[in-house]
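These notes are about the structure you will find just below.
The values are calculated or read from the model by the stated rules, or taken from the named source; none is laboratory data. This is a predicted model, so every value here is computed, not measured. Cβ placement follows ideal geometry from the backbone for every residue including glycine, while neighbour counts extend to all protein chains displayed.
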Amino acid sequence: MALANQATYFSEKEQSFDSIILYMDLDAFFASVEIRENPSLAGKPLIVGGNPKTKRGVVSTCSYEARKFGVHSGMPVSQAVKLCPHLVMVRGTYSLYTKVSNNIMGILKHYSDVMKVAGNDEAHLDLTDVVSDYEEARKLAMELKDDVYASEKLTCSVGIAPNKILAKIASETDKPDGLVVLKPLEISDFLAPLDITAIPGVGKKSKEIFIRNGVNTCGDLAKLPHQLVYQKFGKYGLKTWKLVNGYNTEKTEGKFVSRERKSISEERTFFHSYSNWKDIWVSLDSSIQTIVTKAKEKKMNFRTVTLKIRFQNFDTYTRSYSLQCYANSEKQVREVVSILLEEFSDKSPDNIRLVGVKISNMIKIDDNQKTLTQFFNKTD
Ligand SMILES: [Mg+2]
């Protein structure tokens, strides 16, 4: 059983390389809006929520200054006042928060059409089809943060990772105004020093059980054999174990809302060493055939061709080229791929672990456009 399971874990770990997800969370949202509206509140321990006169109700949001006293959202106001006697209380201007939130979500939409709003101050963006690597994702995140600030004078914290849960965890390690990029192979090292409660869903109760079993940090859990984890912490514990070991625990994520397909890709992993480029090309050719057939079925043409290549040491490269006109043939893809592959011609094909091809920048062809495209192709 153990062996079979390990094999499953391994294939899931591989899957986690396929998506690039950005998570954005506005910093102390309600409190920050109040401070923006009334700058004299800046630097003060501030809470939004509850009734300032009766000191009843719960804290909805608190400023970072209030957090230093142990105040947190969801806490009864009476308790917050005990912790911080000079706490400043504001009732909250909820209609304004909604307006600001809608505006910011509108800005985010420009960065990816695959977006999931998770609350009035947080959202996930799927950047898989938007950027070609994590460095490009980082640049895009910097632009996004600047845009949000320019528009609403509010800061946000951003995490970028191969799935939603990791993107959220990453964003929370650098607040306020942070930007953390977590690449697939860095996951277990990144999580190791974090308290086990950094994992969403690990609350007070689970923490107690973990601590009783010697697990304080994510790294403590990662080191345990998975059979023992299952025995002691059950199914959920095993899922957490996979997460802290860098496996993808969100099998279908990445494409988290249904949408018009913006790219078609296929990639193949070689479990044996291949000895020559001819075999690599057999694999590439078959991928090219599959994706172009799919594009034709969907009546879509494409402009961008991307080659992905991963070596045995997991170094992964993606190289893209955009054609001047929309294309629809295998031959065109093959030509681009062969040019992109040249960069790696001095490497040994033995060391190639995976090759893949993606077509993107796609356009739906209706019959009129089809005629036009054919016309232009002929006159080229
Ligand atoms: Mg927030």
- [ ] Working only within the range 59-74, note down all residues that are within 16 Å of the ligand (Cβ to nearest atom) and either among the hydrophobic types (A, V, I, L, M, F, W, C) or touching a residue at least 40 places away in the same chain (Cβ under 8 Å) (or both).
- [x] V59, C62, Y64, A66, V71
Task: Filter pass, Y97 being surrounded by 15 or more Cβ atoms within 10 Å (Cβ to Cβ), among the hydroxyl-bearing types (S, T, Y) and within 15 Å of the ligand (Cβ to nearest atom) - done: yes
Open item on the list: Based on this model, can you work out whether V117 counts as in a strand (DSSP E or B), within 16 Å of the ligand (Cβ to nearest atom) and surrounded by 22 or more Cβ atoms within 10 Å (Cβ to Cβ)?
Closed with: no
- [ ] Considering (1) touching a strand residue (DSSP E or B) at 6+ places or on another chain (Cβ under 9 Å); (2) over 24 Å from S40 (Cβ atoms); (3) acidic (D, E), say which one D121 fails and leave the rest.
- [x] (2)
Task: Cβ pairs under 6 Å, 6+ apart, first in the range 277-289 and farther than 18 Å from A327 by Cα, second among the basic types (K, R) and not in a helix (DSSP H, G or I) - done: S283/R268
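Could you tell me whether the range 353-360 includes any residue that is of a type in the set (V, I, T) and at pLDDT below 85? Don't jump to the end; show me each part of the working.
Step one: of the range 353-360, the residues of a type in the set (V, I, T) are 355, 357, 359.
Remaining after also requiring at pLDDT below 85: none.
Checked against the condition, which is being of a type in the set (V, I, T) and at pLDDT below 85, the range 353-360 yields no hits at all.
Yes/no matrix, rows are residues, columns are (1) on the phi < 0 side of the Ramachandran plot; (2) over 34 Å from the mean Cα position of the chain (by Cα):
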position: E37; (1), (2): yes, no
position: C62; (1), (2): yes, no
position: G70; (1), (2): no, no
position: K82; (1), (2): yes, yes
position: M105; (1), (2): yes, no
Task: Matching residues in the range 154-196 - criterion: being charged (D, E, K, R) and either within 16 Å of the ligand (Cβ to nearest atom) or touching a strand residue (DSSP E or B) at 6+ places or on another chain (Cβ under 7 Å) (or both) - done: K164, K168, E172, D174, K175, D177, D195
Task: L127 being on the phi < 0 side of the Ramachandran plot, away from the ligand (no atom under 14 Å from the Cβ) and at pLDDT 95 or above - done: no
